[in-house]
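So the structure is just underneath, and the comments pick up after that.
Every number here is computed from the coordinates shown, using simple stated rules; none is lab data. Everything numeric here is computed off the predicted structure, so don't read it as measured data. Cβ: placed from backbone, ideal geometry, glycine included. Neighbour counts: every protein chain shown.
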Amino acid sequence: MTTGARRGELCALRWNDIDFAPGEETTWIARAIKKSKKKGWVEGPTKTHQQRRVALDPETVLVLGDLRERVKVRAKALGADLAEDAFVFLRLRTAAPSTARPRSHSGTTVWPVG
């Protein structure tokens, strides 16, 4: 899947930005996580201050759906519900958005989760 999304845009992605409805599988990119000299990591507009909608291929929809179900199970085990506006990619210990850098493995870019 190629979205053209920047790392900070993916780090800011929330579950309610993704439409899983059949035939409508898209994500809305409107925010980014950025490092501020004064405040550390903050959420703000994208680099270009543009919002865009990106179509998701079936494999990506399956992977994201599986991830969402696993996160829901983990949250339930902790006595919580997964909020609709929770970050998709987050640090598991703090629930803060991930700022991890992707790793290349056998020609494939892998985004660490957690």
Task: For Trp41, residues with placed amide H under 5 Å, excluding near neighbours - done: Ser36
- [ ] In debye, nearest 20, what is the charge dipole magnitude of the range 7-96 about its Cα centre with +1 on Lys and Arg Cβ and -1 on Asp and Glu Cβ, if you could check?
- [x] 900 debye
- [ ] List the extent of the Cα atoms of the range 7-96 along each of their three principal axes, largest first, rounded to whole Å.
- [x] 36, 33, 17
Task: Count, lysine Cα pairs under 20 Å in the range 7-96, 8 or more residues apart or across chains - done: 5
